[in-house]
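Everything on this sheet refers to the single structure shown next.
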Amino acid sequence: MEESLVHLLKIVFILNSLSFLGAEDLVLTDIIRDIETQHLAKTSYAKTRMQIKKKSWSRDMVLSMYGEGRDKFLARIEAPIKDRGLTSLKINQEMWNYMPNIDRTIKVPSSLMGDSWMGSHFTNDDLIKSNRIEELYSLKKTQSQTDLFVIEAIPKEDSAVVWGKILYHIKLPQKVAVKVEYFDEDHILVRKMSLENFREIEGRHIPMLMRISPIENPEESTTVIYEDLKLNLPLDTHMFSVQALRRRKN
């Protein structure tokens with residue numbers, strides 16, 4: 001009788017542990033999804049300034065960005081004038097760039113997903129897959145403090161992704177990322193991103209400034225500043241099509 005009771009208690013303990021782990025996995029998934037989609041909604045519009053600093057040159061651009069949920073995104077350069085109209089369109093897992101100077105739309109092949117987006121320190125892959133991290137990576141909590149904890153993201157076996165590991169430094173109680181670190185397939189730190197100037201918009205704590213820099217060249221950086229952000233506003237959703245890219249060139 002005593003052995004049966006001990007055995008039963010062990011089973012209950014294991015089931016409770018599994019239940020807790022499953023609940024924690026669910027919580028971590030929700031946190032990462034919220035972080036990676038914090039600037040998105042049913043529809044969204046943002047006016048942003050992107051400042052790129054490289055060793056031998058720098059560039060300052062103004063962009064209009066539009067989104068529909070997680071699957072559709074359009075970014076269009078408004079300034080400088082010489083680049084005006086250059087547009088990137090994402091639909092699900094595909095991406096196109098419209099080049100107004102040659103009036104041509106080019107689909108970005110999978111082989112170029114790791115390449116720079118618009119000369120910045122962001123990659124094409126960032127635009128395609130960053131808001132699907134919780135689906136492509138396995139998540140676990142690795143460090144915990146009173147007001148901060150770290151979530152580690154490791155690619156799932158069947159995921160075709162650029163990063164071998166991502167660390168999210170989460171601030172409590174808002175559950176927002178203040179720093180994100182990106183590692184290559186050998187788990188060597190490649191770049192880091194800081195998120196600052198948080199503002200509450202429609203109940204969300206949203207960073208209005210993001211700065212990303214490569215570890216190899218720390219003097220370089222790409223800074224994105226949100227000058228305006230509107231969520232759940234009326235949008236002409238027909239803009240999210242390859243056919244509409246050329247019609248928007250002016």
In segment 53-73, anything in contact (Cβ under 8 Å) with a residue 60 or more places away in the chain and out of contact with any strand residue (DSSP E or B) (no Cβ under 7 Å at 6 or more places or on another chain) is listed as Lys54, Lys55, Glu68, Arg70
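Using the structure shown, decide if Glu196 is surrounded by fewer than 14 Cβ atoms within 10 Å (Cβ to Cβ) and either under 23 Å from Tyr137 (Cβ atoms) or touching a residue at least 60 places away in the same chain (Cβ under 8 Å) (or both). First the steps, then the outcome.
Working: surrounded by fewer than 14 Cβ atoms within 10 Å (Cβ to Cβ): yes; either under 23 Å from Tyr137 (Cβ atoms) or touching a residue at least 60 places away in the same chain (Cβ under 8 Å) (or both): no.
Considered against the rule, which asks whether it is surrounded by fewer than 14 Cβ atoms within 10 Å (Cβ to Cβ) and either under 23 Å from Tyr137 (Cβ atoms) or touching a residue at least 60 places away in the same chain (Cβ under 8 Å) (or both), Glu196 comes out as no.
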Take segment 162-208 and flag every residue that is among the charged types (D, E, K, R), under 19 Å from Thr29 (Cα atoms) and in a loop (DSSP other than H, G, I, E, B). Lys175
Any chance segment 51-65 includes a residue that's surrounded by 18 or more Cβ atoms within 10 Å (Cβ to Cβ), of a type in the set (Val, Ile, Thr) and under 16 Å from the mean Cα position of the chain (by Cα)? no
Among the numbered conditions (1) surrounded by 17 or more Cβ atoms within 10 Å (Cβ to Cβ); (2) touching a Phe, Trp or Tyr at 6+ places or on another chain (Cβ under 6 Å); (3) within 20 Å of Phe122 (Cα to Cα), tell me where Ser213 comes up short. (2)
Criterion (touching a residue at least 12 places away in the same chain (Cβ under 8 Å) and more than 28 Å from Asp60 (Cβ to Cβ)) met by exactly one of Glu135, Glu157, Glu181, Glu152: Glu152
Determine whether segment 108-130 contains at least one residue that is farther than 30 Å from Ala153 by Cα, at pLDDT 90 or above and outside any loop (DSSP other than H, G, I, E, B). no
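Is there a residue in segment 133-140 that is assigned to a loop (DSSP other than H, G, I, E, B) and of a type outside the set (Asp, Glu)? Full working, then the answer.
Within segment 133-140, the first condition is being assigned to a loop (DSSP other than H, G, I, E, B), and the residues that meet it are none.
Checked segment 133-140: no residue is assigned to a loop (DSSP other than H, G, I, E, B) and of a type outside the set (Asp, Glu).
In segment 216-241, what residues are among the charged types (D, E, K, R), surrounded by fewer than 13 Cβ atoms within 10 Å (Cβ to Cβ) and over 19 Å from the mean Cα position of the chain (by Cα)? Working first, answer last.
Going residue by residue through segment 216-241, those that are among the charged types (D, E, K, R) are 216, 219-220, 227-228, 230, 236.
Narrowing the set further to residues that are surrounded by fewer than 13 Cβ atoms within 10 Å (Cβ to Cβ) leaves 216, 219, 227-228, 236.
Answer for segment 216-241, where residues must be among the charged types (D, E, K, R), surrounded by fewer than 13 Cβ atoms within 10 Å (Cβ to Cβ) and over 19 Å from the mean Cα position of the chain (by Cα): Glu216, Glu219, Asp236.
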Has segment 148-167 got at least one residue that is modelled with pLDDT under 90, surrounded by fewer than 13 Cβ atoms within 10 Å (Cβ to Cβ) and under 30 Å from Tyr98 (Cβ atoms)? yes
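Would it be correct to say that Glu219 is acidic (Asp, Glu), more than 27 Å from Tyr66 (Cβ to Cβ), assigned to a loop (DSSP other than H, G, I, E, B) and modelled with pLDDT of 95 or more?
Details: acidic (Asp, Glu): yes; more than 27 Å from Tyr66 (Cβ to Cβ): yes; assigned to a loop (DSSP other than H, G, I, E, B): yes; modelled with pLDDT of 95 or more: yes.
Yes: the conditions hold for Glu219.
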Inspect all residues belonging to segment 91-101 and state whether any of them is of a type in the set (Ser, Thr, Tyr), in contact (Cβ under 8 Å) with a residue 12 or more places away in the chain and either surrounded by 15 or more Cβ atoms within 10 Å (Cβ to Cβ) or closer than 21 Å to Glu181 by Cα (or both). yes
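Pick out the one residue from Thr29, Thr48 that is in a strand (DSSP E or B), of a type in the set (Val, Ile, Thr) and under 16 Å from the mean Cα position of the chain (by Cα). Steps first, answer last, please.
Numbers: Thr29 fails: in a strand (DSSP E or B).
Step by step, each of Thr29, Thr48 is checked, and only Thr48 is in a strand (DSSP E or B), of a type in the set (Val, Ile, Thr) and under 16 Å from the mean Cα position of the chain (by Cα).
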Identify all residues within segment 67-87 that are in contact with a Lys or Arg (Cβ under 8 Å, 6 or more places away or on another chain), in a strand (DSSP E or B) and crowded, with 18+ Cβ neighbours inside 10 Å; write none if there are none. Glu68, Lys72, Phe73, Leu74, Arg76, Ile77, Thr87
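The values are calculated or read from the model by the stated rules, or taken from the named source; none is laboratory data. Computed from a prediction, not measured in an experiment: that's the story for all the values here. Every residue, glycine as well, gets a Cβ built from its backbone with ideal geometry; the counts of neighbours run over all protein chains shown.
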